[in-house]
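As structure tokens, the structure follows; a few thoughts come after it.
The values are calculated or read from the model by the stated rules, or taken from the named source; none is laboratory data. Computed from a prediction, not measured in an experiment: that's the story for all the values here. Every residue, glycine among them, receives a Cβ derived from its backbone with ideal geometry; neighbour counts consider all protein chains shown.
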Amino acid sequence: MLVSEKKKQQSPILKILSLITYKKTSRPRSFVLPEQNEGQEGGDNSQNYQAPEGRGNEETQSEGKKRTKTLRKPLSPSQVKSGRRDVNEVKNDIDSNLEMIRQQFNVPQNKDLVIREFILARDKRGFIAYLDGMVDKTVINEHILRPLFDLSTSDLAGDSNSTTLALENIVETNDVKKLKNFKKVFAEILKGNTVLYVDGLDYFLACESIGFEMRSIETPKTEGVVKGSQEGFSENLRTNISLIRRIIKNKDLISEFFEIGEKSSTTCAVVYLQDLINPSILEEVRRRISSIKTDFLVSSGMLEQFIEDSPYSIIPTTLSTERPDRTASHLVEGKAAILMDGAPFAIVVPVTLNEIMHSPEDAALKWQYATSLRVIRFFAFAFAALLPGLYLALTTFHREMIPTDLLIAIAEAKENVPFPTLVEVILMELGFELIREAGIRIPGIIGNTLGIIGALILGEAAVSANIVSPVLIVIVAATGLSNFAIPNYSLAFGVRLLRFYFIIAGCFLGFYGLALALVVFVLMLVNLKSFGIPYLSIVAPRNKKSKDAVVRWPIWMQEERPDYLNTLDSRRQPEISRQWTQEDAPEPSGAGRNKDQGPAQQAPAGRNQNTGKEKESSD
Amino acid sequence: MTKAYRFLSGLLIALFFCLPLNGCYDSIEIDEEVYALAVGIDKGVSNIIRVTVQYPTYKDGGGGSGGGGSESGSGGGGEESGEVNGTVISTVEASSLLEGISMLNLSSNRQISLYHTKMLVFAEDYAREGVVRYVEPLARYREVRESMRVVICKGSAEEFIKKSSDFVGANTAKGMEMGFYQSQNTGYFPDVFFHNFYSSLISPYGQCTAIYAGVNEFKQLDSQEKEKPELHTDVDLEPGQIPRKGGSKSEFFGTAIFDGDKMVGYLLQNETRFYLMAIGKFKWGIFTFEDKRSPGDAYILEITSSKRPETKIRFEEGLPVIDLKISLEAELISNQSRIEYETLDKLTELEIEIEKYFHDGIKGTIEKTQREWNSDIFFFGKKAAAQFRTIQDLEEYNWLKHYQDAEVHVDVDVKVRRSGFLYKTMPIQSTSPDQKGRK
């Protein structure tokens, strides 16, 4: 009895305690990057994308309970279709196959699908099917149809096996696939390939004939640089991967393909360097991408939202870039890039705040210039987020901190302005955002000009109409400029919103409020993760010092890859990468690929001065 | 779980609404206040205190330009409104300083803030009766800028503030700041901040000083001409007596000396320079010396301090002995007699001569503070405190009282390091045989 009484007495305390003690929540499994050689669980999730039709029904139902109600709706027609197993197998008579394709593509209504029937060598019926507009017609005419019509009966003699051999040899396209499953057949047609069927076979032959209009490679629009490559990604996935492959000529560069989108069936590629990337990160990327169930995916921004760690964070946790060279440099660090057909952007994961603040040009500049640029960029980050808030806090709470002359000037200028400072600030900020948004929508050259002129005229007019004080124009303009100095578009967006958060904090509680707001913001940052990597890595948690954080040290000092990525090979270059600094440097012809062990052993430190120097400074 | 979440979120919201209770809700728009630049304290007539406050107007023209030079600061934009040089000066009689300032809110229509006050002016006769009553509330009140200067002026503080307008710039606040900055360029007055003043008031190591100032009515210039003017190198002047015309009528000149909170005397301009040298605050100044080898001619030196002064204090037979070592550097910037002082032997003579002048001056100043006022404005007490084992010993001894018993040794070291752009004095070539510099 006594015990139970005690229990009763304790229970309210325990209850209160339970509110503040840590408990595991029932949120979906989050990903934490294990150290090397730690467990490799959850591997079979990657099977998902390979056999989705088999598990589809159970999965949606079990998930439906946890997720929103919309998923509990009756199964969609396509799911019903895919549920019927036997339908997917290719029959060995031409009429049923023809009927299947016609039915699936709704042929009488759908004018895009072209089915060309013919008779081979006088007795064998056959047909090809392709989507008009997606194919290169010369390929079909010259390399598929012509060789087929040139056949004689003897070429097609024998059983079905030899026919295949023959067909594969006859068709002159460079890629030919044998498909026994209709799903795959449809996918090939949808990609722009041509499928060939000859009566009596139990498979289709998919011949590569993709050829459609697309944008050529142009200079990047949002990530321009002065020094560096001027190539940007285009909308074609293959071209984009080739752009990367042209920079990293390595057999370990692997691109895995995934189809996402029930209706759009968009191809996504995960590109990585197999001998570098931490397998757990790769596994996680695969798991996230393959488990996406949606009907439509058109931009990499949408994909980003599906795979990011913290959807409620105001700061992006993935890096989106339109530069192949930047993507390549991240791949070589041991990261994965996700490319999507139809999107001229690569999503690089995982990233840290530090890396997002880097500009693609940094590596090309001398380290002193790059460092100063980075310092400015970090200042710009602080200014863009804090300046209006600071101004509000200063003028309404901490007037003793403003130099007297400036204070009197501000007061004088504000004499005829009827609004409190908060209203002024919000008016101007909104005005500025308005101009920016309108500038994007207004077509052509007028857009850019209007942005600048609009800002000037609006500001000037607002001052002379006594709506805002002139100091505020300076503040808002400086904030806007700082915002443009942030190298990442998404991050700049986040900072624009953050600014209003700090304005509120500064307006109601002064520096005290700003300090509180800043603490909350930093807590949020510390809590963020990007594919298992803490977002503020290097700072919190502290890892091995980086030679490429805020200060970018000379390139020959950057010997190791980022510690937090736990790459399979952490070394970028040997301790002495500039071998010419050594007196007995190996001859260029004899040096070969022996860099990794060579120099340090060949020339013991201290034997000549240069070696010693470089060793010291690089440490 | 939902209950707990609800409770927790309720708690968070409650905590959020606690934030405004933590202070910081005294938000005031910048133009709802006026910022007093100068505060003057005079003896009242019908009540105890008369407070004068100067604050800038927020009219067009920037930072208190307004009247400008054309009105020569003679009351400026109208005696009645008290508008001078873009600022308003208004005076009120009240029972206390802060009450007086808050009564002035009525005349300014805005709240008067002391966040940006540049100077606090006491009338001299008032300061001689004791200032602690008016200083203490300022030290305690949170809205006071502790870095304002403390000025004691001859005559009335109200008059002083009215006459102290800056004619160079359009900005009164800047004019005041720059005015105090001249302490470093001349050494004619010390730069005393309010927080230093207050901490010296309560310090057992030394006494406080203030800037001594006055109003110059421009009547010191003699109009009748003499045939041959004489050279006077060591003229001691009180504030308001500089023979000059034009510019601001106010003058900072000399040091006011306190014993406790009462002003007891003042140092003249040269004594002030010696005082600043002794405490290590002398930066730079021009000195004119009469050339003994060629009477009527002068040589001019630019003096800077080269090292911080070293003070050592020991007790001999119960009496304190002060050893003060001062190092100065000089640059010869004019040599009217054209004697070649650049040569080594002459240079040493010159140095000895200057050393003697500074030695006598500094020692004389220290002894004057001992003899006349027994006021340790040099803060020797701070060094002397090291000789006592406990605070109680020090307090029992009462340094401030025994300061006059101290024996002072001053050692001045002057090095003439440069001779300006000319490294050699060359004779002037002329037809007349008595031309100077001829050998």
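Some points to look at:
- Residue selected from region A:476-509 under the condition within 16 Å of A:R436 (Cβ to Cβ) and among the aromatic types (F, W, Y), by the criterion surrounded by the fewest Cβ atoms within 10 Å (Cβ to Cβ): A:F484
- Each residue in region A:245-266 was checked for being of a type in the set (G, A, S) and buried (at least 21 other Cβ atoms within 10 Å of the Cβ), and 0 of them qualify.
- Test set (1) more than 23 Å from A:L509 (Cβ to Cβ); (2) within 14 Å of another protein chain (Cβ to nearest Cβ) - A:A328 fails condition number: (2)
- Some residue of region A:401-411 being in contact with an Asp or Glu (Cβ under 6 Å, 6 or more places away or on another chain), in the same structural domain as A:A505 (by TED's automatic domain parsing) and not in a loop (DSSP other than H, G, I, E, B): yes
- For the condition in contact with a Phe, Trp or Tyr (Cβ under 8 Å, 6 or more places away or on another chain), surrounded by 12 or more Cβ atoms within 10 Å (Cβ to Cβ) and not in a loop (DSSP other than H, G, I, E, B), B:S199 does not qualify.
- Qualifying residue in region A:280-293 (condition: within 21 Å of A:H358 (Cβ to Cβ) and at pLDDT below 95): yes
- Test set (1) over 30 Å from B:D393 (Cα atoms); (2) at pLDDT below 90; (3) not aliphatic (A, V, I, L, M) - B:E317 fails condition number: (1)
- Any hit, region B:334-354, residues being of a type in the set (F, W, Y) and within 26 Å of B:G187 (Cβ to Cβ): yes
So that you can scan it fast, the table gives a plain yes or no per residue for (1) without any contact (Cβ under 8 Å) to a residue 24 or more places away in the chain; (2) charged (D, E, K, R); (3) out of contact with any strand residue (DSSP E or B) (no Cβ under 7 Å at 6 or more places or on another chain); (4) on the phi > 0 side of the Ramachandran plot:
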position: A:Y369; (1), (2), (3), (4): yes, no, yes, no
position: A:F381; (1), (2), (3), (4): no, no, yes, no
position: A:P443; (1), (2), (3), (4): yes, no, yes, no
position: A:E460; (1), (2), (3), (4): yes, yes, yes, no
position: A:V474; (1), (2), (3), (4): yes, no, yes, no
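- B:K3 being in the same structural domain as B:A213 (by the TED database), at pLDDT below 90 and of a type outside the set (G, A, S): no
Residues are listed down the side, and each one gets a yes or a no for (1) in a loop (DSSP other than H, G, I, E, B); (2) surrounded by fewer than 20 Cβ atoms within 10 Å (Cβ to Cβ); (3) at pLDDT 85 or above; (4) under 48 Å from the mean Cα position of the chain (by Cα):
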{"residue": "A:I119", "(1), (2), (3), (4)": "no, yes, yes, no"}
{"residue": "A:T138", "(1), (2), (3), (4)": "no, yes, yes, yes"}
{"residue": "A:I144", "(1), (2), (3), (4)": "no, no, yes, yes"}
{"residue": "A:L151", "(1), (2), (3), (4)": "yes, yes, no, no"}
{"residue": "A:L165", "(1), (2), (3), (4)": "no, yes, no, yes"}
{"residue": "A:E168", "(1), (2), (3), (4)": "no, yes, no, yes"}
{"residue": "A:E172", "(1), (2), (3), (4)": "yes, yes, no, yes"}
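- Among the residues of region A:189-226, those that are crowded, with 19+ Cβ neighbours inside 10 Å and touching an Asp or Glu at 6+ places or on another chain (Cβ under 9 Å) comprise A:N193, A:T194, A:V195, A:F204, A:L205, A:A206, A:C207, A:E208, A:S209, A:P220, A:E223.
- Qualifying residue in region B:345-361 (condition: surrounded by fewer than 18 Cβ atoms within 10 Å (Cβ to Cβ), in contact with a Pro (Cβ under 9 Å, 6 or more places away or on another chain), assigned by the TED database to the domain that holds B:V408 and of a type outside the set (K, R)): no
- The residues in region A:526-552 that are in contact with a Phe, Trp or Tyr (Cβ under 6 Å, 6 or more places away or on another chain) and part of a helix (DSSP H, G or I) can be counted, and the count is 0.
- Taking region A:476-513 as the range and being within 13 Å of chain B (Cβ to nearest Cβ) and under 11 Å from A:L387 (Cβ atoms) as the test, only A:G506 passes.
- Positions within region A:252-271 being modelled with pLDDT under 90 and over 16 Å from A:N236 (Cα atoms), in sequence order: A:G261, A:E262, A:K263
- Residue within region A:404-424 that is more than 11 Å from chain B (Cβ to nearest Cβ), surrounded by 16 or more Cβ atoms within 10 Å (Cβ to Cβ) and of a type outside the set (K, R) present: no
- Residues that are modelled with pLDDT of 80 or more and surrounded by 12 or more Cβ atoms within 10 Å (Cβ to Cβ), drawn from region B:423-439: B:T425, B:P427
- B:P190 vs. criteria assigned to a loop (DSSP other than H, G, I, E, B) and either closer than 17 Å to B:D259 by Cα or more than 14 Å from chain A (Cβ to nearest Cβ) (or both): yes
- Region B:56-82 - residue that is at pLDDT 75 or above and under 28 Å from the mean Cα position of the chain (by Cα) and, of those, nearest to the other protein chains (Cβ to nearest Cβ): B:P56
- Counted residues, region B:239-259 - those being within 14 Å of the chain's Cα centre (by Cα) and among the charged types (D, E, K, R): 1
- Residue among A:S96, A:S82 that alone is at pLDDT 60 or above and of a type in the set (S, T, N, Q): A:S96
- For B:Y35, the conditions (1) modelled with pLDDT under 90; (2) within 7 Å of another protein chain (Cβ to nearest Cβ) are fulfilled apart from (1).
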